[in-house]
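Heads up: the structure comes next, in structure tokens.
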Amino acid sequence: MFGIFKKKPLKIKSPVNGKVVTLDSVPDEVFATKLAGDGVAVIPQDGTFKAPIDGIVSKIFDTNHAYIITSDSGIEVMVHIGLETVSLNSQGFERQVNQGESVKAGDVIIEADLEYIKQNATDTITPIVIPDDKSYKSIDKFYGDKKSLENIMEVK
């Protein structure tokens, strides 16, 4: 009876087609040691990056290499496309939505040129993290090959 008041877990979908791997396999200390938050990473197979949850685009970095979607329950999900991509100064990234817009899981946020990123940045691996560890109790993670919009995490 009291279960009806229990919060439902937030299902986080893959923002891109690719292989989901552990954060500690990311060759960047900030992500590998979870300083930026807990989560997973995706080795992308294409350059179409989507909203992993329904919510508000609370931040798109000026360089378009990363974005944060905030759910109705206040949980933030950050998608960081590639490593050392901030130095590309938006080259290879095309923004499809603006900060402050409402989005549904699956809406395209950024179109990225993976070949350009491979040639000009450290890596295309894409961490997907929950920056605020006080906004949840636990995260279940689902690894392996995933299509865009398949579940990769469940936040409780």
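Please treat every number below as a calculation from the coordinates, not as lab data. Because the structure is a prediction, the values reported are computed rather than measured. Note that each Cβ is placed from the backbone with ideal geometry, even for glycine, and that neighbours are counted across all protein chains shown.
Descriptive notes on the structure:
- Highest-MSF residue in the chain out of Gly55, Gly92, Gly74 [GNM, Cα springs under 10 Å]: Gly74
- 3J(HN,Hα) along segment 20-29, derived from phi through the Karplus expression 6.51 cos²θ - 1.76 cosθ + 1.60 where θ = phi - 60°, amounts to 7, 10, 6, 5, 5, 8, 6, x, 8, 4 Hz, with x in place of Gly and Pro.
- Förster radius 25 Å - calculated FRET efficiency between Ser73 and Asp140 (Cβ-Cβ, nearest 0.05): 0.90
- Segment 23-114: C-alpha gyration tensor shape, a/c 1.5 cut-off, then a/b vs b/c: oblate
- Among Phe61, Phe31, Phe49, residue whose mean-square fluctuation peaks in a GNM of the chain (springs only between Cα atoms under 10 Å): Phe61
- For Ala66, distant residues with modelled amide H under 5 Å away: Phe61, Ile81
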